[in-house]
Amino acid sequence: MKYISTRGQVEAKGFVDTVLMGLADDGGLMIPQEIPAVTAGQLEQWKKLSYEELFLAIFSLYSNDEIPADDLKAMVSRSYASFRSPEVAPVVKLKDNQYVLELFHGPTFAFKDVALQYIGEFYSYVSRTRGEIIHILGATSGDTGAAAIQGVRGKEGIKISILHPHQKVSKVQELQMTTAADDNVLNLSVKGNFDDCQKVIKELFADLDFKAKHHLRAINSINFVRILAQTVYYFYAYLHLEAADQQKKVNFIVPSGNFGNVFSGYLAKKMGLPVHKLIIATNENNILERFVTTGEYQPGEFKSTHSPSMDIQVASNFERYLYYLMGEDATKVSAYMNQLQTEGRIVISPEDLKRVQEEFAAYGAGNDECLEVIGRYQKDTGYLLDPHTACGITAYERFSGEGEVGITLATAHPAKFDEAIALTGIKQEFPEEISQLFSKTQHQEVVDFDKEEIVRQLVAFYGN
Ligand SMILES: *Cc1c(COP(=O)(O)O)cnc(C)c1O
């Protein structure tokens, strides 16, 4: 399997080089040259597999044996050893036709751990076997940073710098990132919002000289390996539904920001997983909802909501989907992305919009709806939803049809977002791993949203 760019200007690359490249050198995103098909027979066999075995089965379709099987197996096993659930991603039935897929049993209590624990192992492996210098650089709306730091803190040969929006992440997210005292971790708290942080990162990765000189590696979902690691739990969830429910139309409801998680679901669907619809749930930052309902993709005004990890206006992975929507035509994608850059919006044709709506539905939950759903589910089912998952449940309720089953991805544990939970009047107990964070010392540099200052900090940290 080779990998190419959505903008068509990068020579085809192998799996490891694709992961190391992160953002494609032509400014696009890397994608597999063709998507491997999974047959019904294979799916049937996969029912017997553990989460880790399923991970290996799916990865083997993409990784060309570039990593020897035994090494890969050991990496995957170490990645998921830190999860509090042996199942990694348990499927929980809330009501008839309604499941949640719990993705928050990793070390930092959000779904980002599922892919980032593996990426930490991957970079460590590449550093050891190829002698590559690894300087991870990323922007976070809170959860990616925490998970990435947890994945590589203290690992030899790796340095990690994370930009997060100053005081726009939850307290627990901030603590998870800044209480890592290891020398190889730098937290920059940027006086701006997530889109500002992501913009600086994208510019630094697009500066190929800077990227090469400082050995920059990506952990954001611009990196294909993250997308791939996340497809595993879509398969796992489907295979663990009650047998009768597998016969129904199965929808996945995905709390979304950067379009990474839902793109993983799209990839699973394209591989042959029988998914009826992918339902995109957002909060009041609803660019994706507007796109699916009107065909116009235009970043709007940034809003701070109860689900800060989805406070995003520019959804990086949208470009990957656009590539498939345009019939894998890199020229068309490049033209659209240029237009987005120069005019600030793009509009797809009515025929294309029809195809979007055959695969997706989307709903942006308001702040009040989110809190109402949290309170109601706690009362009716005893299940405490985090605010991101609650946006997902709101979308589920809006779109669930006759004869359909919905699996809502529970992307975070409620203890991570107690600011929102407290507003519902519910008092929750924190898991020990979270309550102990409050007594630790924080390490972070607060900086202006100023690319030069950020670069100065990074260069000083890299020491070259
Ligand atoms: C990152 C995140 C999301 C959004 O995922 P994307 O892949 O960016 O769409 C949703 N919920 C939580 C809790 C997150 O951390």
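Residues that are in contact (Cβ under 8 Å) with a residue 60 or more places away in the chain and not hydrophobic (A, V, I, L, M, F, W, C) within the stretch 341-360 comprise Q357, E359, listed in sequence order. Among the residues of the stretch 2-18, is any within 20 Å of K270 (Cα to Cα), in contact with a helix residue (DSSP H, G or I) (Cβ under 9 Å, 6 or more places away or on another chain), in a loop (DSSP other than H, G, I, E, B) and open to solvent by less than 10 Å² (accessible area, probe 1.4 Å)? The answer is yes; a qualifying residue exists.
Per-residue answers, yes or no, for (1) within 12 Å of the ligand (Cβ to nearest atom); (2) under 17 Å from the mean Cα position of the chain (by Cα):
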| residue | (1), (2) |
| --- | --- |
| Y99 | no, no |
| P107 | no, yes |
| T129 | no, no |
| I136 | no, yes |
| T144 | yes, yes |
| I149 | no, yes |
| E156 | no, no |
| Q176 | yes, no |
| D183 | no, no |
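What do you reckon, is I119 among the aliphatic types (A, V, I, L, M) and away from the ligand (no atom under 15 Å from the Cβ)? Answer is no for this residue. Taking the listed residues F291, F205, F210, the one that is closer than 27 Å to P165 by Cα and open to solvent by 10 Å² or more (accessible area, probe 1.4 Å) is F210, with no other qualifying. Taking every residue in the stretch 240-251 that is within 13 Å of K93 (Cα to Cα) and pairing it with any residue that is open to solvent by 10 Å² or more (accessible area, probe 1.4 Å) and modelled with pLDDT of 95 or more, at least 6 positions away or on another chain, the pairs with Cβ-Cβ distances below 6 Å are H240/V91. Restricting A330, A315, A365 to residues that are buried (at least 22 other Cβ atoms within 10 Å of the Cβ) and modelled with pLDDT of 95 or more narrows the list to A365. The residues of the stretch 294-304 that are touching an Asp or Glu at 6+ places or on another chain (Cβ under 8 Å), in contact (Cβ under 8 Å) with a residue 24 or more places away in the chain and open to solvent by 20 Å² or more (accessible area, probe 1.4 Å), listed by number, are P299, F302, S304. Kindly evaluate Y324 against the criterion of being open to solvent by 10 Å² or more (accessible area, probe 1.4 Å), within 16 Å of the ligand (Cβ to nearest atom) and in a helix (DSSP H, G or I). Here the answer is no, as Y324 does not meet what is asked. Residue count for the stretch 76-91 satisfying the condition of being touching an Asp or Glu at 6+ places or on another chain (Cβ under 6 Å) and β-branched (V, I, T): 1.
The values are calculated or read from the model by the stated rules, or taken from the named source; none is laboratory data. Everything quoted here is computed from the prediction, not taken from an experiment. Reconstructed Cβ throughout: ideal geometry from the backbone, glycine too, with neighbour counts over all protein chains shown. All accessible areas refer to the heavy atoms of the entire protein, side chains included, with ligands and DNA or RNA removed. Shrake-Rupley method; radii C 1.70, N 1.55, O 1.52, S 1.80 Å.
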